[in-house]
Amino acid sequence: MTMPDAASPSREPLLRVENLAVRIGTVEVLTDVSFSVDKGSALAVVGETGSGKSISCRAVAGLLPRLGGRIVRGSVTFCGQDMTGATSREWSRIRGRKIGFIPQASIASLDPVMRIGAQLRETIKLLDPEADPVSRAKELLQDVRMHDVDRVVQSYPHQLSGGMRQRVMIALALAGHPDLLVADEPTTALDATVQRSILELLTKLRKEKGMSLLVVTHDLSLAESFAEEIVVMYSGVTVERGPTKVLLSKAAHPYTGALLAARVAAARRGQPLQVLPGSPLSPAWRPVGCNFQPRCTYAEPECATEDPPSEVVGVGHTSACFQSEAVLKANA
């Protein structure tokens, strides 16, 4: 299927991913992923565990080889440069300096036997060699609204809370003055209050530094709080994309509608939460036709035999579903 670009045709996006397919080993984990990020904008990529969100992030940051992965179709373009077949040396000039990456688990990403200050200084020396590493490290911690900076630089990761460690990860990602900040589930394992504060921080930093933001999350309510546009992924495919307010109020894909109905915010007192039936597909097995049709209440015979094309259903709004019109009416 082909995903039309919903970005403004008058300017080239900072990042463009088109019809991307990725294979890890012998398994094709992404089959058709398309989205773009404009300069200074914020995009959320949402979907269940196993939908391919994190793999997409690693593809745009040049980290697939570390997973044994490779791009087999489609393209990744950053700042007008095709990075699809870029070498590790070419990626090393981009990653960290132009694209900052925040991994999912801070406790696993920080060196447990190095003090926070040492880890920051080491990164600064690599990505910003003209800066004074001591003063720059403190400046970065202040940028991420860290209190008691002098204590933090002398601390080991285990001596900090989960929220503080995540702020350190953001500081590390900012060390190279990136144009695009990619955050893979930056609120994982944090309580609701800390989740909100981390996303508020990312939003403030985006505006202060003129960066673009690409954030992976499974929570549509969190995406609503910071993103101007949302991309919904299912089983390695982009199934819906659109402006946040439009997509959340007028979902055109059954999967998006099911995710919205399953939110805690959509629950009614005295009634059980709605649950999406079935389980996410294994990348090693996908049905003929639409990937979502085994779980879909709108499925028709054609859904089991044909791959639905992505079509424009509104201004900047696309959906890969034969039943988009019916879903729009139901969610109006």
Next on the checklist: Using a 10 Å cut-off around each Cβ, can you sort 226, 101 from fewest to most neighbouring Cβ atoms?
Outcome noted: 226, 101
Next on the checklist: Cross-link candidates for residue 39: which lysines have Cα within less than 29 Å, leaving aside residues fewer than 8 places away along the same chain?
Outcome noted: 53, 98, 125, 138, 204, 207, 209, 245, 250
Checklist entry - Relative contact order (percent) for segment 106-177, with alpha-carbon contacts under 8 angstrom and 6 or more residues of separation? => result 46 percent
Item to check | Distance histogram in 5 Å bins (all Cα pairs of segment 34-151, percent per bin) | outcome: 2, 8, 15, 19, 19, 16, 12, 6, 2, 0
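What's the exposure ranking of 107, 170, going from fewest to most Cβ atoms within 10 Å?
107, 170
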Checklist entry - Roughly speaking, what is the centre-to-centre gap between segment 44-90 and segment 137-172 when only Cα atoms are used, to the nearest Å? => result 29 Å
Checklist entry - Any idea which of 78, 154, 134 is furthest toward the positive side of the dipole for segment 55-157, if Lys and Arg beta-carbons carry +1 and Asp and Glu beta-carbons -1? => result 78
Checklist entry - Of the beta bridges DSSP finds with both residues in the chain, what % are antiparallel, to the nearest 5? => result 60 percent
Item to check | Top positive-direction residue, dipole computed over the chain with Cβ charges, set 181, 255, 169 | outcome: 169
Checklist outcome for this item: Two pseudo-spin positions, 7 Å from Cα along C-beta at residue 147 and at residue 207, lie apart in nanometres by 2.3 nm
Item to check | Charge dipole of the chain about the Cα centre (unit charges at C-beta), most positive-ward option of 237, 198, 277 | outcome: 198
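Provide the FRET efficiency to the nearest 0.05 for the residue 274-residue 315 pair, computing r from the beta carbons and using R0 = 35 Å.
That pair, residue 274 with residue 315, gives E of 0.75.
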Checklist entry - Once label points are set 7 Å from the Cα along Cα→Cβ at both residue 97 and residue 159, what is their separation, rounded to one decimal in nm? => result 3.4 nm
Next on the checklist: Test of understanding: ordering 150, 184 by Cβ neighbours within 10 Å, fewest first, what list do you get?
Outcome noted: 150, 184
Next on the checklist: Using a Gaussian network model on the chain with a 10 Å cutoff between Cα atoms, which of 281, 180, 30 fluctuates the most?
Outcome noted: 281
Checklist entry - Based on Cβ point charges of +1 for Lys and Arg and -1 for Asp and Glu, what charge dipole magnitude is obtained for the chain about its Cα centre, in debye rounded to the nearest 20? => result 720 debye
Item to check | Net charge, residue 232 excluded, C-beta distance under 9 Å - Lys, Arg +1, Asp, Glu -1 | outcome: 0
Checklist entry - Rounded to the nearest 20 Debye, what is the dipole magnitude of segment 26-89 about its Cα centre when Lys and Arg each give +1 and Asp and Glu each give -1 at the C-beta? => result 280 debye
Checklist outcome for this item: The long-range amide H neighbours of residue 183, using H built 1.01 Å from N in the peptide plane and a cut-off of under 5 Å, are 102, 214, 215, 216
Checklist entry - Given C-alpha coordinates of segment 135-288, what is the ratio Rg to Rh with the Kirkwood estimate of Rh? => result 1.03
Next on the checklist: At a threshold of 8 angstrom on Cα-Cα distance, excluding pairs fewer than six apart, so keeping six or more, what relative contact order does the chain reach in percent?
Outcome noted: 22 percent
Next on the checklist: Using the alpha carbons of segment 106-177, what is the convex hull volume per residue in cubic angstrom, as a whole number?
Outcome noted: 72 Å³
Item to check | Peptide ranges 234-244, 301-311 listed from the most packed, as the mean C-beta count within 10 angstrom indicates | outcome: 234-244, 301-311
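Decide, for the chain, between rounded, prolate and oblate: order the square roots of the alpha carbon gyration tensor eigenvalues as a ≥ b ≥ c, take rounded if a/c falls under 1.5, and otherwise choose prolate if a/b is larger than b/c, else oblate.
Since a/c reaches 1.5 and a/b is larger than b/c, the shape of the chain is classed as prolate.
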Item to check | Net dipole in debye of segment 106-177 [+1 Lys, Arg Cβ; -1 Asp, Glu Cβ; about Cα centre; nearest 20] | outcome: 220 debye
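For the chain, what does the helix formula give at 222 nm: sum of -39500 (n - 2.57) over DSSP H segments with n ≥ 4, over the residue count, nearest 500 deg cm²/dmol?
-9000 deg cm²/dmol
Bear in mind these aren't lab numbers, they're just calculated from the coordinates by the rules spelled out. Predicted model only: the values in this text are computed from it and were never measured. Positions of Cβ are generated from backbone atoms using ideal geometry, with glycine treated the same way; all protein chains shown enter the neighbour counts.
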